[in-house]
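To keep things clear, I will list the structure first and then write my remarks on it.
We did not get these values from a lab; they are worked out from the coordinates using the rules stated. Computed from a prediction, not measured in an experiment: that's the story for all the values here. Ideal geometry is used to build each Cβ from the backbone, glycine not excepted, and the neighbour counts take in all protein chains shown.
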Amino acid sequence: MPWPLSNDQERRRLERAFTNRNIPFDTPGFYDHPNFLTHEQKDPRFLELYARYIETRQYGDDYLANAAAKIDIAANALVSAVKADGRLGACVDASGMLGRMLDRLGIWNYVAKATLTITFPSGSGITDRYFWSFDEGSFAAPHAIVVAPPFGVVDVTVRHQIYEGSEGDYLPPLVMARDWLPAKWTPEDLANPEIRAALKLQGMSFDTFLQRQNSSMGDVMRTLPPRQVKLGDTILKYVVVAVGGTIEPLEEITGYKPSNRTALQIFEQDIFPKIK
């Protein structure tokens, strides 16, 4: 099955943009190239071009089969490490680790900050659960995932968030969505009810609020399409709102150490031997 987001015209446009800036684009992880970093320092949104390139590239069947096998090994190893550690809400750290691991394995990928809307089975009696971009409190992202063809979503922490009651029972340990559907975002996906109610009282449309609050978010949602994953009778909607990742190379990721193991140790002990 071909990668559904391939777009030859957009791919060529991006390749011209990289070529004009003397940025080689032939290997995964080229966002670490000095020329890329120079432009990223000038334009914090430059990393969005890398993500867009991942989504618009064409991938051969052999690559996709090989990538799927390696992603499966890496993602499952990281899920096991996060589960053993027991920390909840580690999506940003864990997804950043996975992105760097896949770079090391030569797998095209990018890390996305995303909202997540969970629709539970109708018979469960559980109302929709939201991870909003606009909400109370301070957080690095509402949620974080990895996009790595052939998977439109790789979510290694969906089960390891803070849930109420039996919500977590309806979620898998790992989401690796090869089959997903394009979706449309709604204000309910992005902002909590209090914010939406306040906008209504002010007579302000959500589009106007979004433009004033975070205009780049609208651009990202247009170029990196929302995606819906159906897992039995549970539906997960991911709306990519920003491109993230980990600045440090794999060897230097030490902020989050599941069960006191660094990202490099997990890679060398649990992933690379199975790849070999």
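Candidates in segment 25-61 are the residues that are loosely packed, with under 13 Cβ neighbours inside 10 Å and either touching a strand residue (DSSP E or B) at 6+ places or on another chain (Cβ under 8 Å) or of a type in the set (Lys, Arg) (or both); of these, the one that is nearest to VAL147 (Cα to Cα) is ARG45. If the condition is being touching an Asp or Glu at 6+ places or on another chain (Cβ under 8 Å), more than 22 Å from GLU15 (Cβ to Cβ) and among the polar types (S, T, N, Q), then segment 49-84 contributes only SER80.
Looking only at residues of segment 187-230 that are of a type in the set (A, V, I, L, M) and in contact with a strand residue (DSSP E or B) (Cβ under 7 Å, 6 or more places away or on another chain), we find that the one that is farthest from HIS143 (Cα to Cα) is ILE195. Entry remark, segment 44-65: residues being more than 17 Å from the chain's Cα centre (by Cα), in contact (Cβ under 8 Å) with a residue 60 or more places away in the chain and more than 16 Å from PHE25 (Cβ to Cβ) number 1 in total. Applying the criterion of at least 3 residues that are of a type in the set (D, E, K, R) to the helices (runs of 4 or more DSSP H) found wholly in segment 1-112 leaves 8-20, 47-56, 61-85, 91-104. Taking residues in segment 162-174 that are in contact (Cβ under 8 Å) with a residue 24 or more places away in the chain, and partners anywhere that are polar (S, T, N, Q) and surrounded by 11 or more Cβ atoms within 10 Å (Cβ to Cβ), the pairs with Cβ atoms closer than 8 Å and at least 6 places apart or on different chains are SER166/SER124; TYR170/SER124; TYR170/THR234; LEU171/THR234; LEU174/ASN76. Sub-8 Å Cβ pairs linking a first residue in segment 1-25 that is among the basic types (Lys, Arg) to a second residue that is surrounded by 14 or more Cβ atoms within 10 Å (Cβ to Cβ), at least 6 apart or interchain, are ARG11/TYR53; ARG11/THR56; ARG11/ARG57; ARG21/PHE36; ARG21/HIS39, ordered by first then second residue. Just one of the numbered conditions (1) within 30 Å of HIS33 (Cβ to Cβ); (2) within 20 Å of the chain's Cα centre (by Cα) is not true of VAL229: (1). Note on segment 1-24: among residues that are over 18 Å from the mean Cα position of the chain (by Cα) and either hydrophobic (A, V, I, L, M, F, W, C) or buried (at least 18 other Cβ atoms within 10 Å of the Cβ) (or both), the one that is farthest from ASP219 (Cα to Cα) is MET1.
Selection of segment 113-154 for residues being touching a Phe, Trp or Tyr at 6+ places or on another chain (Cβ under 6 Å), closer than 15 Å to TYR170 by Cβ and either of a type in the set (D, E, K, R) or not in a strand (DSSP E or B) (or both) yields PHE120, ILE126.
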